[in-house]
Amino acid sequence: MHAITAITGQVGGALARSLLAQGQPVRAVVRDPGKAAAWTARGCQMALADMGDAQALAQAFTGCEGVFILLPPQFDPSPGFPESRAVIAAVRSALEQAMPARVVVLSTVGAQAPEPNLLNQLGLLEQALAELPLPITYLRAAWFMENLQWDIAAAREHGLVPSYLQPLERRIPMVSTEDVGRAAAELLAERWTGQRIVELEGPATVSPLDIARALAQRLGHPVGTEAVPRDAWEASFRAQGMRHPEHRMQMLDGFNAGWLCFEGSPRQGPTGLAEVVRRLVPATQ
């Protein structure tokens, strides 16, 4: 049995589909039973647990051969990340009680970076689990290609996509969430001792200009991209409703400056940018 947190998300869903296709039993760990209906219809067990409830999580993980952990994303966390720290403490306690045979934890490129930024939350998760006597793999994934979904409306309606990744021609590692889910399924099938880091990227690095070109080809009209000036970031993010935009700004600085990066030689998923765009953007009539 494999317990999957965040099964209703992109990565968790891809992982569950991969395991089910292999005939593996899956336990969907969800907070809302209504959101698990589609998965129970496919034969998954259901376990109700909030990610901040250590006892409910421990019960959900008990008896499992493998557990997949995805920290609920906090895109606008409070200073010091108290929201994520509470969940991290619950996850650690639950794993310590349940002692599954192995654990795969979704982490991120740059989790090791000491500089303050939004991704420190995943570094805190790695640190909190580091002393558990369990086989744990930290799957450090690149920037998700699916983040471009937030650019589709601007590309379609205005033919121009604003970019916080700069300079526009600079390519960074990106990966499809489908590949992340499949990689997690492969890792859960492996046997290892101790704790390890596995890094994952797509078949090619990607720039904002590459994204604009891929959107233009799919939409059937020109699409450009322009860099949002650094001194306009805070006002832009606050206009979107963010209360603490500094975390996101620091993360973007890290990608743009290059200190949010991989430590080793990443594995490569097969899914390229064009395939992700085809999946996200309906075909032009």
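The values are calculated or read from the model by the stated rules, or taken from the named source; none is laboratory data. It should be emphasised that the depicted structure is a prediction, and the values quoted were computed from it without experimental measurement. Using ideal geometry, Cβ is built from the backbone for each residue, glycine included, and neighbour counts are taken over all protein chains shown. We work out accessible area using only protein heavy atoms, side chains counted, and drop any ligands, DNA or RNA first. Shrake-Rupley method; radii C 1.70, N 1.55, O 1.52, S 1.80 Å.
With a 1.4 Å probe and all protein chains left in place, how much of the accessible area of the chain comes from carbon and sulfur atoms, in whole percent?
Within the chain, the accessible surface is 53 percent carbon and sulfur.
Among V103, A14, P222, whose Cα sits farthest toward the positive end of the charge dipole of the chain (+1 at Cβ of Lys/Arg, -1 at Cβ of Asp/Glu, about the Cα centre)?
Going by the charge dipole, the pick is A14.
Mind jotting down a quarter of the surface of the convex hull over the alpha carbons of segment 133-285, in square nanometres, one decimal?
So the mean shadow area of the Cα hull is 10.9 nm².
Quick one: work out Rg over Rh on the C-alpha atoms of segment 125-165, Rh as Kirkwood radius.
1.33
What base-10 log of the normalised intensity I(q)/I(0) is obtained for segment 1-46 from the Debye formula, alpha carbons as equal point scatterers, at q = 0.34 Å⁻¹?
Taken in order of the listed q values, log10 I(q)/I(0) reads -1.50.
From the gyration tensor of the Cα coordinates in segment 241-285, what semi-axes in whole Å does the equivalent ellipsoid have, largest first, with each one equal to sqrt(5λ)?
The three semi-axes for segment 241-285 are 28, 22, 8 Å.
Starting from the Cα of H221, step 7 Å along the direction of its Cβ; do the same at S78; then give the gap between the two resulting points in nm.
4.5
What percent do you get for the relative contact order of the chain when only Cα pairs under 8 Å and 6+ apart count?
20
Across segment 21-107, what fraction of all alpha-carbon pairs, as a whole percent, falls in each successive 10 Å bin from zero upward?
All Cα pairs considered, the percentages come to 17, 46, 30, 6, 0.
Which net charge results for the neighbourhood of L209, defined as the other residues with beta-carbon distances under 10 angstrom from its beta-carbon, given Lys and Arg at +1 and Asp and Glu at -1?
Residues near L209 contribute +1 overall.
For segment 61-105, report the % of Cα-Cα distances exceeding 11 Å.
68
So, R0 is 41 Å and r is the distance between the beta-carbons of T62 and L280; what FRET efficiency does that work out to, to 0.05?
0.65
Compute for segment 94-185: radius of gyration divided by Kirkwood radius, i.e. Rg/Rh, restricted to C-alpha atoms, rounded to two decimals.
Rounded to two decimals, Rg over Rh is 1.08.
Over all alpha-carbon pairs of segment 30-179, lay out the pair-distance distribution in 10 Å bins, whole %, shortest bin first.
Pair shares across the bins are 10, 32, 34, 18, 7, 0.
Mean Kyte-Doolittle of at least -0.5 and a Cα length of 15 Å or more along the axis: which whole DSSP H helices of the chain meet both?
Span-like helices, by this rule, are 10-21, 82-98, 177-189, 208-219.
Over all distinct alpha-carbon pairs, what is the Kirkwood Rh of the chain in angstrom?
19.8
Once fully extended, how much extra length lies between H244 and R196, figured as 0.36 nm per residue of separation less the alpha-carbon to alpha-carbon distance?
14.0 nm
Per residue, how much accessible area does segment 1-159 show when a 1.4 Å probe rolls over the protein heavy atoms, in square angstrom?
Accessible area per residue, segment 1-159: 41 Å².
Tell me the label-point distance for the pair A21, R170, using the 7 Å Cα-to-Cβ offset, in nm and rounded to one decimal.
So the label points at A21 and R170 sit 3.5 nm apart.
If I model a spin label as a point 7 Å beyond the Cα along the Cα-Cβ vector, how far apart are those points for E186 and R42 in nm?
With each label point 7 Å from Cα toward Cβ, the separation is 2.0 nm.
Net charge within 15 Å of R171 by Cβ-Cβ distance, Lys/Arg positive one each and Asp/Glu negative one each, not counting R171 itself?
-1
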